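What follows is a short report on a single structure.
The values are calculated or read from the model by the stated rules, or taken from the named source; none is laboratory data. Quantities reported herein were computed from a predicted structural model and do not represent experimental measurements. Side chains included, ligands, DNA and RNA excluded: accessible areas come from the protein's heavy atoms. Shrake-Rupley method; radii C 1.70, N 1.55, O 1.52, S 1.80 Å.
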Amino acid sequence: SILHLKDFLSQLVNDQFCAILGFSQGATFCHILSILAAAKRVKLHSGVDASPFSKIDCSILLSGFTSMHKGPLCDDVHISNDALNCRSLHIYGEKDTSVPIFHGQKLARCFLDAETYIHPKGHVIPQNRDLSDKIINFLDSESDYIRT
């Protein structure tokens, strides 16, 4: 999965806005991709060639939990305890019994300045205007931030 996404990202033009979104285990995969994105941006600023993962601008993680992967990820990047410098929106349900809310909160603490949205339901992506507006506003603010 990571190699397929790496190939896809390498085809993006550098100034294209790129957000990733994942639900449940997909959100955990987004956590791993956010680690790669943040690590590659640090290397990019230190003069190392850009990685396709550095094109990921922000993450939206729904009902997610932290990755339990040990060891190196792709491109010799390791999971660390440092907060990720990758903009993120974390969405979780108060009544989620599959991924209890404390797992989502733990994941949000892995990111610098994480935004959160708590909905009153369970392990679902609720379809309501408030959540839609939150996601749209987050993406608008991130794309504006990236362009400036």
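Brief remarks follow.
- Applying the condition of being modelled with pLDDT of 95 or more and among the charged types (D, E, K, R) to region 113-128 and asking which residue is nearest to residue 138 (Cα to Cα) yields 115.
- Wholly within region 1-112, strands (runs of 3 or more DSSP E) carrying at least 1 residues that are modelled with pLDDT of 85 or more and open to solvent by 70 Å² or more (accessible area, probe 1.4 Å): 19-23
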